[in-house]
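The values are calculated or read from the model by the stated rules, or taken from the named source; none is laboratory data. Because the structure is a prediction, the values reported are computed rather than measured. Every residue, glycine among them, receives a Cβ derived from its backbone with ideal geometry; neighbour counts consider all protein chains shown.
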């Protein structure tokens, strides 16, 4: 059975939406729906598409609204359903154009939740494929949701969603966990992680979601080319959280055949904060790599010092300071195949104890004395000078983060 716009009119006849234009297009077929909130969505429009939107990004741009209607008609899309609360006065020209092109235009109830608007449509689309077995129909729904999950996640982290209302209705329509939420990010320990995770993305997503569902935790799981993200509520205790994270790591290792680490975010009170959290999580894995840290999983809070140091190290003046203080030593090591910088780092890490530094490097004390003398010669300074050592320590720490 083919689903048509006239069927959607019946589905929404409970007051969720009203048909305001394009009544002659009720026989247009519907095979898919989408929710989009961006200025230019023409590249994503397709045949038999029911487009649902708040219209927020085009609320003050009549021409953009008219172009959207024209573009939808051009690709033989099904219908446009739009909320009008952001429009001071909905353009009459848009209604006239929809009538002219016979493109059905719905006004959505501004107070209706998007779960009640979207879920019946999703169900109708799946059920309309009457020649498909039940399991297959269920799979179609899951795949469609997975695609929408990914699109929403990347819209959030790329800050394409700026209004809390839009974030609220889109997350609710996809049955994401209610705020506050936390994010568990998983990253593979290989230079080829993007290829591995990309090839096994579907398997990875299902496995992580299954772990959470087994513990009756509402979730959304998204795999990017770099990492896998599990969004979940915060109402579980630390013991269960530890079990879940370790299960996720173990399953990720099994699927991708390589080591894996995880970072647990702070609770997010608003999905609009996801972009900042995403950036912090990426920084966390970067810190683990450059610092050669060995934790299997960690809370994001525990990396606060490292993240602050990382941000300081990105300053141009800090880069100049590093070159000024350590540049000559780096060049000398490169030219003479020596390890003077490594020796200086060991000395600082051992609180300027030459004995402990020598032991950490497995050096004879005479060799250590020789290296110290050479460092002082190259840097034109005395390592007995407290102020000099403080500056060198800062430069070395910054160099560690500035990779």
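Residue 249 satisfies every condition listed in (1) closer than 15 Å to residue 185 by Cβ; (2) in a helix (DSSP H, G or I); (3) free of Cβ contacts under 8 Å to residues at least 40 places away in the same chain except (3). Under the condition of being without any contact (Cβ under 8 Å) to a residue 40 or more places away in the chain, part of a helix (DSSP H, G or I) and surrounded by 14 or more Cβ atoms within 10 Å (Cβ to Cβ), the residues counted in the stretch 290-322 number 2.
Restricting to the stretch 346-371, and then to whatever is touching a helix residue (DSSP H, G or I) at 6+ places or on another chain (Cβ under 7 Å) and closer than 25 Å to residue 318 by Cα, can you tell me which residue is surrounded by the fewest Cβ atoms within 10 Å (Cβ to Cβ)? Once the filter is applied, the top-ranked residue is 352.
Within the option set 76, 60, being under 31 Å from the mean Cα position of the chain (by Cα), surrounded by fewer than 20 Cβ atoms within 10 Å (Cβ to Cβ) and over 17 Å from residue 164 (Cα atoms) holds for one residue only, 60.
Looking across the stretch 247-271 at every residue that is within 18 Å of the chain's Cα centre (by Cα) and surrounded by fewer than 18 Cβ atoms within 10 Å (Cβ to Cβ), the one that is nearest to residue 300 (Cα to Cα) is identified as 266. Among the residues of the stretch 38-58, is there at least one that is more than 21 Å from residue 127 (Cα to Cα), at pLDDT 95 or above and in contact with a strand residue (DSSP E or B) (Cβ under 9 Å, 6 or more places away or on another chain)? Checked the stretch 38-58: no residue is more than 21 Å from residue 127 (Cα to Cα), at pLDDT 95 or above and in contact with a strand residue (DSSP E or B) (Cβ under 9 Å, 6 or more places away or on another chain).
When you check residue 95 against the structure, is it buried (at least 20 other Cβ atoms within 10 Å of the Cβ), in contact with a strand residue (DSSP E or B) (Cβ under 6 Å, 6 or more places away or on another chain) and in contact (Cβ under 8 Å) with a residue 12 or more places away in the chain, yes or no? It is false that residue 95 is buried (at least 20 other Cβ atoms within 10 Å of the Cβ), in contact with a strand residue (DSSP E or B) (Cβ under 6 Å, 6 or more places away or on another chain) and in contact (Cβ under 8 Å) with a residue 12 or more places away in the chain.
Of the candidates 397, 374, the single residue that is modelled with pLDDT under 95, outside the structural domain of residue 290 (by TED's automatic domain parsing), out of contact with any strand residue (DSSP E or B) (no Cβ under 9 Å at 6 or more places or on another chain) and outside any loop (DSSP other than H, G, I, E, B) is 397.
Among the residues of the stretch 23-80, what is the count of those that are part of a strand (DSSP E or B) and under 20 Å from residue 150 (Cα atoms)? Final tally of qualifying residues: 9. A count restricted to the stretch 167-178 and to residues that are in contact with a strand residue (DSSP E or B) (Cβ under 9 Å, 6 or more places away or on another chain) and surrounded by 18 or more Cβ atoms within 10 Å (Cβ to Cβ) stands at 7. You will find that of 333, 384, the residue that is more than 30 Å from residue 262 (Cα to Cα), part of a helix (DSSP H, G or I) and not assigned by TED's automatic domain parsing to the domain that holds residue 242 is 333 and no other. Determine if the stretch 227-246 includes at least one residue that is crowded, with 17+ Cβ neighbours inside 10 Å, within 22 Å of residue 36 (Cβ to Cβ) and in the same structural domain as residue 293 (by TED's automatic domain parsing). Yes, the stretch 227-246 has at least one match.
Being in contact with a strand residue (DSSP E or B) (Cβ under 7 Å, 6 or more places away or on another chain), outside any helix (DSSP H, G or I) and over 24 Å from residue 157 (Cα atoms): is that true of residue 228 here? For residue 228, the condition - in contact with a strand residue (DSSP E or B) (Cβ under 7 Å, 6 or more places away or on another chain), outside any helix (DSSP H, G or I) and over 24 Å from residue 157 (Cα atoms) - is not met.
Filtered by the rule that a residue be in contact with a strand residue (DSSP E or B) (Cβ under 9 Å, 6 or more places away or on another chain) and either part of a loop (DSSP other than H, G, I, E, B) or modelled with pLDDT of 90 or more (or both), the stretch 109-121 gives 109, 110, 112.
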